[in-house]
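See below for the structure under consideration.
The values are calculated or read from the model by the stated rules, or taken from the named source; none is laboratory data. Not measured: the values here are computed from a predicted model. Neighbour counts are summed over all protein chains in view; Cβ atoms, including those assigned to glycine, are modelled from backbone coordinates with ideal geometry. Ligands, DNA and RNA are excluded from the accessible area calculation, which covers all protein heavy atoms including side chains. Shrake-Rupley method; radii C 1.70, N 1.55, O 1.52, S 1.80 Å.
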Amino acid sequence: MTATRSAWHIPRYGRPDVLTPVTLPLAEPGPSEVLIRIDASAVTRADGMMRRGEPLFARPFLGLRRPRNGLSGTGLSGEVIAIGDKVSRFAPGDMVFGEAGMRFGANASHICLDEDGVLMLKPDSLSHEDAAVLCDGVLTSWHYLCNLGRVRSGDRVLILGGAGSLGSAAVQIGADMGAEVTATSSARNADLVASLGATCVIDYATKEALLRGAGYEVIFDTVGVTSFSAAKPALAEAGRYLCPVLTLRRLPAVLLSSLIGQKRAMFAAVGLEKPHRLRAMLAEIIILIDQGRLAPVMDRIYPLADLKEAHAYVETGHKRGNVVVV
């Protein structure tokens, strides 16, 4: 009998109900690949955007009518159960975490990944659930604050969307760097965001965060709720507006601000960084986690069979931290 694996297929762009469970042959790892039995995988806002085919200008790369690589999921954690004959970094029995990247297919029972991709040994201090989300909000926020925003001790930093996957990580990272962190959230999540290290929490429903003259060195718009033009008056003289949600409306600001003026709108496609660079960032993140200075925030854990429900919950926009399927 041929060994099989379970996965989730996206036959066309659309709502969560387009997700379709499938049974596929269990692949043999290639010479430089490892076969991983997945214990937990992330369900992210980016996964939902891929399922919907958004932004539209990305469809030439993703697929015009449906995702070219039509399986769901990127972030994962699990156990190596087989390796190719040229693999040297991993061995069967190793606990690992990482991301499938543009191959997708992490919301599944098994996956084959290249050993030189974004794949790391999982620390014993991390559960599979926590490890599965590190390559989404934690890694993105680390890259944006440390490498793009160049946050320094004493900087005033505003996090827009402080309770989500990126925001909950960004508040912790900014506070650990010695920044004075202000974050927006709903009133329901204010205590959570404050406990993560925000010195000031603004209820976005009742108070304006982007006040003229606020003097923030960095504004990190984690969910794309504003624009560079709206954020600009609240920035310091050479402040940086960072947003990982690139739209056709934001692109001109990124390009023009690099040529004119001191204030910058900045974007980076973290997933397109070279794997060795992403692994180096993850190594720094693991140090913070091992030292108790950073911890992923977990909201809900669903069975893999309930992936549609997990996508629908993420799509509400009200999750606190991360969502995984196991």
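Filter the stretch 59-75 for residues that are part of a helix (DSSP H, G or I) and farther than 11 Å from TYR13 by Cβ and give the result. Explain how you work it out, then say what you get.
If we filter the stretch 59-75 for residues that are part of a helix (DSSP H, G or I), which is where we start, we get 59-62.
Selection gives PRO60, PHE61.
If you check LEU251 against the conditions, is it over 21 Å from LYS122 (Cα atoms) and open to solvent by 60 Å² or more (accessible area, probe 1.4 Å)?
Working: over 21 Å from LYS122 (Cα atoms): yes; open to solvent by 60 Å² or more (accessible area, probe 1.4 Å): yes.
Considered against the rule, which asks whether it is over 21 Å from LYS122 (Cα atoms) and open to solvent by 60 Å² or more (accessible area, probe 1.4 Å), LEU251 comes out as yes.
Can you find, within the stretch 98-136, the residue that is least open to solvent (accessible area, probe 1.4 Å) among those that are assigned to a helix (DSSP H, G or I) and more than 18 Å from MET298 (Cα to Cα)?
Pass one, the stretch 98-136, residues assigned to a helix (DSSP H, G or I): 101-103, 128-132, 134-136.
The next check asks that each one be more than 18 Å from MET298 (Cα to Cα); those that pass are 101-103.
Values: GLY101: 25, MET102: 107, ARG103: 116 Å².
Among residues in the stretch 98-136 that are assigned to a helix (DSSP H, G or I) and more than 18 Å from MET298 (Cα to Cα), the one least open to solvent (accessible area, probe 1.4 Å) is GLY101.
If only one of ARG45, ARG68 is within 19 Å of GLY98 (Cα to Cα) and at pLDDT below 95, which one is it?
Details: ARG68 fails: within 19 Å of GLY98 (Cα to Cα).
It is ARG45.
Consider VAL151 against the criteria (1) assigned to a loop (DSSP other than H, G, I, E, B); (2) open to solvent by 10 Å² or more (accessible area, probe 1.4 Å); (3) within 30 Å of SER258 (Cβ to Cβ): it satisfies all of them except one. Which criterion is unmet?
(2)
If you go through the stretch 209-220 one residue at a time, do you hit one that is within 19 Å of the chain's Cα centre (by Cα) and assigned to a helix (DSSP H, G or I)? Walk me through it before giving the result.
So the first thing to find is which residues in the stretch 209-220 are within 19 Å of the chain's Cα centre (by Cα), and the list is 219-220.
Cutting the leftovers down to assigned to a helix (DSSP H, G or I) gives us none.
Taking every residue of the stretch 209-220 in turn, none turns out to be within 19 Å of the chain's Cα centre (by Cα) and assigned to a helix (DSSP H, G or I).
Just checking, does the stretch 84-93 include any residue being on the phi < 0 side of the Ramachandran plot, touching a residue at least 60 places away in the same chain (Cβ under 8 Å) and not hydroxyl-bearing (Ser, Thr, Tyr)? Give the steps one after another, and end with the answer.
Going through the stretch 84-93, the residues on the phi < 0 side of the Ramachandran plot turn out to be 84-92.
Of the ones still in play, those that are also touching a residue at least 60 places away in the same chain (Cβ under 8 Å) are none.
No - not one qualifying residue is present in the stretch 84-93.
Would you tally the residues in the stretch 1-23 being free of Cβ contacts under 8 Å to residues at least 60 places away in the same chain and open to solvent by less than 50 Å² (accessible area, probe 1.4 Å)?
Summing the residues that are free of Cβ contacts under 8 Å to residues at least 60 places away in the same chain and open to solvent by less than 50 Å² (accessible area, probe 1.4 Å) in the stretch 1-23 gives 5.
Please work out if ARG250 is of a type in the set (Lys, Arg) and under 19 Å from the mean Cα position of the chain (by Cα). I'd like the intermediate steps shown before the answer.
Working: of a type in the set (Lys, Arg): yes; under 19 Å from the mean Cα position of the chain (by Cα): no.
No.
So that you can scan it fast, the table gives a plain yes or no per residue for (1) open to solvent by less than 10 Å² (accessible area, probe 1.4 Å); (2) in contact with a Gly (Cβ under 8 Å, 6 or more places away or on another chain); (3) over 15 Å from SER257 (Cβ atoms); (4) not hydroxyl-bearing (Ser, Thr, Tyr):
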| position | (1), (2), (3), (4) |
| --- | --- |
| VAL201 | no, yes, yes, yes |
| ALA205 | no, no, yes, yes |
| GLU208 | no, no, yes, yes |
| PHE220 | yes, yes, yes, yes |
| VAL223 | no, yes, yes, yes |
| SER227 | no, no, no, no |
| ALA230 | no, no, no, yes |
| ALA238 | no, no, no, yes |
| CYS243 | yes, yes, no, yes |
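Can you tell me which residue is modelled with the highest pLDDT among those in the stretch 289-325 that are acidic (Asp, Glu) and open to solvent by 70 Å² or more (accessible area, probe 1.4 Å)? Walk me through it before giving the result.
Here is the first cut: in the stretch 289-325, the ones acidic (Asp, Glu) are 290, 299, 306, 309, 315.
Subsequent filtering for residues that are open to solvent by 70 Å² or more (accessible area, probe 1.4 Å) retains 290, 309, 315.
Details: ASP290: 94, GLU309: 98, GLU315: 94.
That would be GLU309.
Given (1) in contact (Cβ under 8 Å) with a residue 24 or more places away in the chain; (2) buried (at least 18 other Cβ atoms within 10 Å of the Cβ), identify the lone condition not met by GLU180.
Exception for GLU180: condition (2).
Here are some residues: PRO233, PRO244, PRO252, PRO296. Which one is touching a Lys or Arg at 6+ places or on another chain (Cβ under 8 Å) and either in contact (Cβ under 8 Å) with a residue 24 or more places away in the chain or assigned to a helix (DSSP H, G or I) (or both)? If you could, list the steps in order and put the result at the bottom.
Working: PRO244 fails: touching a Lys or Arg at 6+ places or on another chain (Cβ under 8 Å); PRO252 fails: touching a Lys or Arg at 6+ places or on another chain (Cβ under 8 Å); PRO296 fails: touching a Lys or Arg at 6+ places or on another chain (Cβ under 8 Å).
Selected residue: PRO233, the only one of PRO233, PRO244, PRO252, PRO296 that is touching a Lys or Arg at 6+ places or on another chain (Cβ under 8 Å) and either in contact (Cβ under 8 Å) with a residue 24 or more places away in the chain or assigned to a helix (DSSP H, G or I) (or both).
Just name the residue that is nearest to LYS319 (Cα to Cα) out of those in the stretch 137-148 that are of a type in the set (S, T, N, Q) and open to solvent by 10 Å² or more (accessible area, probe 1.4 Å).
Residues of the stretch 137-148 that are of a type in the set (S, T, N, Q), as a first pass: 140-141, 147.
Right, trim to open to solvent by 10 Å² or more (accessible area, probe 1.4 Å) and you get 140, 147.
Numbers: THR140: 18, ASN147: 27 Å.
By that ranking, first place goes to THR140.
Can you tell which of GLY174, GLY162, GLY178, GLY167 is within 19 Å of the chain's Cα centre (by Cα) and in a loop (DSSP other than H, G, I, E, B)?
Numbers: GLY174 fails: in a loop (DSSP other than H, G, I, E, B); GLY178 fails: within 19 Å of the chain's Cα centre (by Cα); GLY167 fails: in a loop (DSSP other than H, G, I, E, B).
Answer to the selection: GLY162.
Just checking, does the stretch 264-280 include any residue being among the basic types (Lys, Arg) and not in a helix (DSSP H, G or I)? So that I can check it myself, show each step before the final result.
First pass over the stretch 264-280, keeping only residues among the basic types (Lys, Arg): 264, 274, 277, 279.
Add one more test, that the residue is not in a helix (DSSP H, G or I), and what stays is 264, 274.
Yes, the conditions are met somewhere in the stretch 264-280.
Can you tell me which residue within the stretch 263-287, out of those that are closer than 19 Å to ASP155 by Cβ and modelled with pLDDT of 95 or more, is least open to solvent (accessible area, probe 1.4 Å)?
To start, the set of residues in the stretch 263-287 that are closer than 19 Å to ASP155 by Cβ comprises 263-266, 268, 284.
If we keep only those that are modelled with pLDDT of 95 or more too, we end up with 263-266, 284.
Values: LYS263: 49, ARG264: 73, ALA265: 7, MET266: 45, GLU284: 89 Å².
Among residues in the stretch 263-287 that are closer than 19 Å to ASP155 by Cβ and modelled with pLDDT of 95 or more, the one least open to solvent (accessible area, probe 1.4 Å) is ALA265.
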